Amino acid sequence: MTRASVLVVDDEELIRWSLQQELSRLGYVVSTASTGAEALRLQQEDPFDVVLLDVKLPDGSGVQLIPELHAMREDSVIIMITSVTALETAVESIRLGAFDYLTKPFDFPKLHNSIAKAAERVALRQENRALRFQQRANTGPELVAHSAQMRRILELAETVARNDTATVLLQGESGVGKDFVARHIHQGSPRSERLFLDINCAALPEALLESELFGHERGAFTDAKSQKRGLLELAAGGTVYLDEIGDAPIGVQAKLLKVLEQRTFRRLGGIRDITTDVRVIAATNRDLDQALAEKTLRQDLYYRLKVFPLRIPPLRERREDVMPLAHMFLTTYSRAFRKHVVALTPEAEQLLLEYPWPGNVRELRNVIERAMILAGEETTIGVDLFPQELVEGATQPDAATRPTGALAQAEATMIREALAACDGNQSRAAAQLGIGRGVLARRLRRLGIAAVADED
């Protein structure tokens, strides 16, 4: 964890020296200034977490410096120190934003306690700001891994999680759950107690993306009224997840390469390199080889990202995960909407298994959420609550992909016999088989049995 920085501003050399020695011994990073002008210069160059500020300085009142110090860094906590107790001065200092007001000679335990509380407040403010960056997915899927493909992905994710510095590249179509794999890696790593911050590299203009990632100094651009720390600082000790890395602007890519290679960066408008301790997990749904050919992705960045690549398969390649996911969403939204829906009808389950899911897990979640919204007093969800495009888009296998084997042959024989007994009427045949009319129609397509027109 980064040590808190303290600036001691006092015109008495002995006080500056003694405070620097004492606070350094306690683990703080301490700088000193003898005048208000020097304090402002140091705060401008690299703002401090805590400022111990004397009320009387050779070049003016320390009280008047409070707004200027805060303008350079809003999060800085200011503790006033003075040799004379004056109620009016103390009240004015607190009104202008000072955190505490201490008198000389110091009661060192009291001083230590005040500085510790101030440093804790700074850390809490930074963490709260960092949490606002997080895109929470309170109703999002857990990692369901019934399929062999996903079980292998989880094994690899858990392996790389234990190595908490290795860069991970997650590839896969939109909606497959790359962000949940990233969170799984973070939660299984030694960094799990620290922050997981994510950002979509395709969602922001270049200048704003740079500011969010690297932060900026006061005056770096027109609206930069004060210093801002970016995700790479706020997530110190944790994980930064860069979604859609293949769409990051070339200028940002160069700076990210420096982070990966040297673990350093500069804020916008800054002149000092800042060291960062974060694990980077990047994700993309793009073909990165094509991006290299089109020169929209730096080759050196690509190879730095591809230390540990993981491809998340689309849902159509792992149909064993469809129903476990659907049932998980069913439980989630049933609780969220306070409904008593507990199951899907057999026809609805069959449809979910046959649909190709171009939107992957995200689309499945949306389908179940929509059905739950539409559900009234029903305890089961049927096909009538699904969107029409899903009903019409169920898989229609060709001859090369039709099911084969004894079970498929027995099913085809049973269906043909039922159709023959019902003179080709699909509705009556479905009733005889104990399935819905829609389920029968899809099984006819799946097994390659010629459809027979209904005569109801």
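Here are the numbers:
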read-out	value
Interchain or long-range residues, amide H under 5 Å from L102's placed H	M80, I81, T82
Compactness relative to 2.2 N^0.38 Å, alpha carbon Rg of the stretch 298-346	1.92
Rg to Rh quotient for the stretch 207-270, alpha carbon positions, Kirkwood Rh	0.96
Rounded tilt (10° steps) of 108-133 against the dominant C-alpha axis of the chain	30 degrees
Nearest-20 debye value, the chain charge dipole, Cβ charges on Lys, Arg, Asp, Glu	680 debye
Amide H partners (placed H, <5 Å) of F308, local residues excluded	L169
Cα gyration tensor category, rounded, prolate or oblate, for the stretch 1-123 with a/c compared to 1.5	rounded
Two-decimal ratio, the stretch 331-389, of alpha-carbon radius of gyration to 2.2 N^0.38 Å	1.06
For the chain: accessible area per residue (Å², 1.4 Å)	49 Å²
Per residue Cα convex hull volume in Å³ - calculated over the stretch 1-68	72 Å³
Within-9-Å neighbourhood charge of I435 [Cβ basis; K, R +1; D, E -1]	+1
10 Å beta-carbon shell around S61, net charge (K/R +1, D/E -1)	-2
Percent of Cα pairs exceeding the 35 Å cut-off, where the set is the chain	51 percent
Of all accessible heavy-atom area on the stretch 310-355, the percent that carbon and sulfur account for (1.4 Å)	53 percent
Assigned charges on the beta-carbon of Lys, Arg, Asp, Glu; the stretch 1-96 dipole about Cα centre (debye)	220 debye
Helix-only [θ]222 nm of the chain, DSSP H runs n ≥ 4, -39500 (n - 2.57) each, per residue, nearest 500	-14000 deg cm²/dmol
Quotient of Cα Rg and 2.2 N^0.38 Å for the stretch 260-378, N being how many residues it contains	1.61
For the chain, with +1 on Lys and Arg beta carbons and -1 on Asp and Glu, the positive-most of C201, S24, L52 along the dipole	S24
Net lengthening on full extension, E13/L156 (0.36 nm per residue, minus Cα-Cα)	45.7 nm
Among I79, L232, H184 the positive-end extreme of the charge dipole of the chain (Cβ point charges)	H184
Global geometry of the stretch 249-308, whether rounded, prolate or oblate, following the gyration tensor of its Cα atoms and the 1.5 cut on a/c	prolate
Mean Cβ count within 10 Å, highest first, over the residues of peptides 217-228, 345-356	345-356, 217-228
In degrees, nearest ten, helix 148-162 long axis to first principal axis of the chain (Cα)	10 degrees
Most positive-pole-ward Cα, L40, L351, N163, against dipole of the chain from beta carbon charges	N163
Residues whose placed amide H lies under 5 Å from that of L57, excluding near-sequence neighbours	G62
Distance between modelled label sites at E389 and R445, nm, 7 Å Cα→Cβ extension	1.6 nm
Net charge of neighbours whose Cβ lies under 13 Å from the Cβ of A410, counting Lys and Arg as +1 and Asp and Glu as -1	0
Phi-based couplings in Hz for the stretch 24-41 (Karplus 6.51, -1.76, 1.60; Gly and Pro marked x)	5, 4, 7, x, 7, 8, 10, 10, 9, 8, 9, 9, x, 5, 5, 4, 5, 5
Convex hull of the stretch 135-245 built on C-alpha atoms - directionally averaged projected area, nm²	8.1 nm²
DSSP-defined antiparallel bridges as percent of all bridges, the chain, nearest 5	15 percent
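The values are calculated or read from the model by the stated rules, or taken from the named source; none is laboratory data. All figures in this text were calculated on a predicted structure; none of them were measured in a lab. With ideal geometry, Cβ positions are generated from the backbone for all residues, glycine too; neighbour counts draw on all protein chains shown. Surface areas here come from the heavy atoms of the whole protein model, side chains and all, with no ligands, DNA or RNA. Shrake-Rupley method; radii C 1.70, N 1.55, O 1.52, S 1.80 Å.
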